[in-house]
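Read through the structure below, which is laid out as C-alpha cells, and then see the notes.
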Amino acid sequence: MKATAVANANIALVKYWGKRNKELILPFNSSISMVCDGLHTKTTVEFGDYDEDSIKINNEELQKDEKDVLGHVERIRKIAGINKKAKVISEANFPVAAGLASSASGLAALTLAASKAAGLDLSERELTMLARQGSGSASRSISEGFGIWNKGEKEDGTDSFAETIAPKAHWPEFRMIACIVSEAKKATSSRAGMSQTVKTSPYYEGWLKTIDQDIENMKEGIKKKDFTLVGSTAEANALKMHATMITTDPSIIYWAPGTMEIMHSILQWREEGLESYFTMDAGPQVKILCLEKDLEEIQKRLSNLVKKTIVCKPGDGARLTEDHLF
Ligand code: DP6
C-alpha cells in the first residue's frame, strides 16, 4: 500500500480567484493554466501499521496546515474504505509558499500517490476533482500541457473538473520565466486572500462580469498559437485579479518594489518590439510569458533586475514512479 507520484506546478493564464463553495472547493469562475515542466513535487504515501499519520514536507514535519493536507489524506482513506494510518514524505524542487503554486503540485502529487496507495484506480477526470478538494489550483496539475478547470454549475461539484485543452507538444516554443523577487513566505495566503476579496472588494463583481470573455480569448489564443492574444489576455487578467485584491478591506498588496520594476521593464521592452507579458499570483514573483526565440534577450535584460529566474516550458501531467522517497 505504497505509491509515489510526481506532479508539476502550473501557472494560471486566466486566474482562479474566489470560491462559491469552500468545503468542496468550487470556484466562481473557470480558469486556464499551463503545467510547468521542471517545477515539481514528488510525494510518497504508504498506508500501514503506523500509530498515527505523519507528514513530512521538504524535510520538516507538517506544522501550520492551511491546506488541510491530513484532511485530504482522510478524504482519500474514506473513499477507499480503509483505516490504516499514513506516512507521507513530500519534496518540492522549488521555493514553497513563495507564490509559485507549490500547493498545486503538492496536492496533485499527494492525490495521485495516496489514491494509488489506497488501492483506488481513478480516471484522470476523477483525480482532478479529488485534487481540487485539496487545493483548487491542484486540479490543473493532473493533466498535461495547457488545461482548463471548468467551474461547473452543480452544487455537488461533479461537473467541476480539469482537462487538457492542448497537449504540451502543441506549443513547445511557449516559455514562462519565473522571476524570484523574494523568497520570503507570503503574508496572506491565497486561500485567505480570495475569501477576503469575495467578501469585501467592490470590484469582485467586475471580475466575474469579464471572466467568460477572458476564458474564450485564452482558449482561442492557445488553439491558434496566437502569442499576442494569449499574452495580452493573461496580463490583463492578472491585473484585474490584483485590482480586486488591492481593493479588499483591509487591502492586500502582494507586489514588492521588485515586482513593479519588472512589470515596467516588460512594458518598456514591448514598446521597443521585444514581446513578452507578465502575470503574478498571490505573491511578489513575476512570471514572464514569452516565446523561445526571445528567451535569450529577455534573460540578458533580466540579469540586471533579478538574481534568480527559473525557465519552464509546457510540461507533463501527474504521473506515478517506482522511485520512492522511503
Ligand atoms: C492566485 O489553489 O492556492 O494562484 O483552493 O484555497 O487552495 P485554494 O487556493 P489556491 O489558489 C490559487 C490562486 C492563484 C490563481 C490560480 O492559480 O488560478
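Each reported figure results from applying straightforward, stated rules to the coordinates on display, with no laboratory input. If you're wondering where the values come from, they're calculated on a predicted model, not measured in any experiment. Positions of Cβ are generated from backbone atoms using ideal geometry, with glycine treated the same way; all protein chains shown enter the neighbour counts.
Structure data summary
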| read-out | value |
| --- | --- |
| Any hit, the range 11-26, residues being more than 13 Å from the ligand (Cβ to nearest atom), among the β-branched types (Val, Ile, Thr), buried (at least 23 other Cβ atoms within 10 Å of the Cβ) and closer than 19 Å to SER141 by Cα | no |
| Criterion: farther than 19 Å from ILE32 by Cβ and either surrounded by fewer than 21 Cβ atoms within 10 Å (Cβ to Cβ) or of a type in the set (Val, Ile, Thr) (or both) - qualifying residue of LYS199, LYS225 | LYS199 |
| Every residue from the range 287-318 that is loosely packed, with under 14 Cβ neighbours inside 10 Å and not in a helix (DSSP H, G or I) | SER303, ASN304, LYS307, LYS308 |
| ASP65 vs. criteria touching a Gly at 6+ places or on another chain (Cβ under 9 Å), free of Cβ contacts under 8 Å to residues at least 24 places away in the same chain and either surrounded by 19 or more Cβ atoms within 10 Å (Cβ to Cβ) or not polar (S, T, N, Q) (or both) | yes |
| Unique match (being among the β-branched types (Val, Ile, Thr) and within 16 Å of the ligand (Cβ to nearest atom)) among VAL73, VAL88, VAL45 | VAL73 |
| Any hit, the range 239-252, residues being more than 23 Å from the chain's Cα centre (by Cα), more than 29 Å from MET194 (Cβ to Cβ) and surrounded by fewer than 18 Cβ atoms within 10 Å (Cβ to Cβ) | no |
